[in-house]
Every structure is written in C-alpha cells, then in structure tokens.
Amino acid sequence: LYKYAKEILSLYATAEKAIGELTGFVKGGICIGASSTIGNYLLPGVIADFKKTHSKINICLLVGNTKRIVELLNSGNIDLGLVEGEVTRQKMQVDKLITDELLLVVPAHHPWARKKEVSISELTKEPFILREGGSGTRQMIEKFLCSYGVSIQDLKISMLLGSTEAIKAAVENGLGVSIISRWSARKEIKYGTLCLLRIKGQKMARELSLITNKGAISSHAVDEFLTYVKSYPFEKLLC
C-alpha cells in the first residue's frame, strides 16, 4: 500500500506542476524549518520578497535548533530546512547557500567595545554566555575553540540560554559576552547597544545550508521556493 500511496502522490505533484506551468498560476502551502539564526534574522526578509510574486502560496515557518530541524525533515513534518552547522548527508540533499561569520558580542559600555579584536586567552577570563546543546552556533564555537586547544570547560560560563534573542538581552545587561552570527545583531549595532569584534586568528565562518530529503516528492510551490531561495541576494539584508 505504501508503494501505491507514493505513486499517487507523485502523480498528483506532477499534475499540479503541469497545470501551474500551463496557467502560470502557483498556489499551495510550504512548511519550512529553519534554525534560529536563519529563521529569526534572514528568512522573514526572504519570505516577504517571495510573497510579492507568489501571493497565493501559504508559508508555515518552524524555528528550532539545527538538530531539531533535521529531525523534522527526516520525519516528513517539513518540506525543506535551512540550517547552520554541519549535517549528515546520508538521507538529505545539502546545498550551501551563503557563508556566515560568527563574532564576539559585547555591550556598548564594555572595555572591549572600542577594540577590533581580542585574544582567546582574554576570552577565557570573561564571563561567557553559551547556547544550548544541539545549536549550530554552539557547535561552531566548540569547533573553533578546539582548533586553538581550548574547550568549553575552559570558559567562564555564566549562563546557558536557548535563543540568540535571550543571549543579546543578557549581554546588553552586562551578564557576560558571547559569540553570535553577524546577521543577528543588525538592529543593536544600528542603535549602539551592542558591539561586534573578532577573536584573533582565523575567521569563525560557517556555511548556511538548504536541506531537503533525497528523492522526496515536492509540490510546485516547494519547487518555486527552492529555486527562489537558491538565487536570493542575502547580502542585501545586511544593508
């Protein structure tokens, strides 16, 4: 029965696409899963632009950490995912979208606010606010520190928080420093409440990726969004 159900869904998706191509009219729904940085700071702008030309497509956006988004995709609860950090390619198609840079964030009144960079040794002496396990950002921080022979245990962890918004608020209130994506502090940098700087050495860069299930049957609406997001000029969101 499962085999026949898949064939029926495949025929339906094919027919839907053919009708859309003939009429130029695309409608339907898309369920997108996105890790925190992408879901909170990048996708709202992308979706707003997409809806200008695809007003009949309804979009559901679920935000969680990278581990959770991978689980949702594997269980078939979302059509596609956008994540930061490394993911296994066994069951998924992984397409790199853009490169993100993680930077040290401090409050505007902090002594480091006037610096362009600090050393790893300086960082280990300052109260540090860390993301929860399963977060793509935390995964990247651990990998970066390890390359310098430093572990999470070497940091003075003051708080463990589950979102970038919570981390930014804690940093603004002087509870410690942290490391976040450059995309996530645009408003705070604009209004002068937070400052970003680098850690001496190599850049802390990571890929933001689009993930889909290999061999999955996708609707015309999903295909339209996939094509759109793969060519989207993300850098304009930093302006």
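Within the listed set T37, T53, T66, the Gaussian network model of the chain (springs between alpha-carbon atoms below 10 Å) gives the highest mean-square fluctuation for T53. Over all projection directions, the Cα-based convex hull of the chain averages an area of 14.3 nm². Each DSSP beta bridge with both residues in segment 99-205 is either parallel or antiparallel, and the antiparallel ones are about 55%. Distances between placed amide hydrogens fall under 5 Å for I98 paired with L208, all partners being 5 or more residues away or on another chain. Residues whose amide H falls under 5 Å from that of N213, counting only those 5 or more places apart or on a different chain, are Q93, with hydrogens built in the peptide plane. Using a cut-off of 15 Å between beta-carbons, work out the net charge of the residues near R186 (Lys and Arg +1, Asp and Glu -1, R186 not included). Every neighbour counted, the sum reads -1. Summing charges over all other residues whose Cβ lies under 9 Å from the Cβ of E117, with Lys and Arg as +1 and Asp and Glu as -1, gives +4. Ordering 72-81, 194-203, 109-118 by mean Cβ neighbour count within 10 Å, with the highest value first, yields 72-81, 194-203, 109-118. A full extension of the chain between K214 and E165 corresponds to an added length of 14.3 nm, given 0.36 nm per residue minus the alpha carbon distance. Between segment 152-176 and segment 88-123, the C-alpha centres lie 14 angstrom from each other. In this rough spin-label picture, where each label sits 7 Å from Cα along the Cβ direction, the L175-D223 distance is 4.8 nm.
Extending 7 Å from the Cα toward the beta-carbon at both E71 and K190 defines two label points whose distance is 3.4 nm. Note on K230 and I152: the model spin-label points, each 7 Å out from Cα along the C-beta direction, lie 3.5 nm apart.
Each reported figure results from applying straightforward, stated rules to the coordinates on display, with no laboratory input. Here the structure is a predicted model, which is why all the values come from computation and not from measurement. For neighbour counting, all protein chains shown are included, and Cβ atoms are generated from backbone atoms with ideal geometry for every residue, glycine included.
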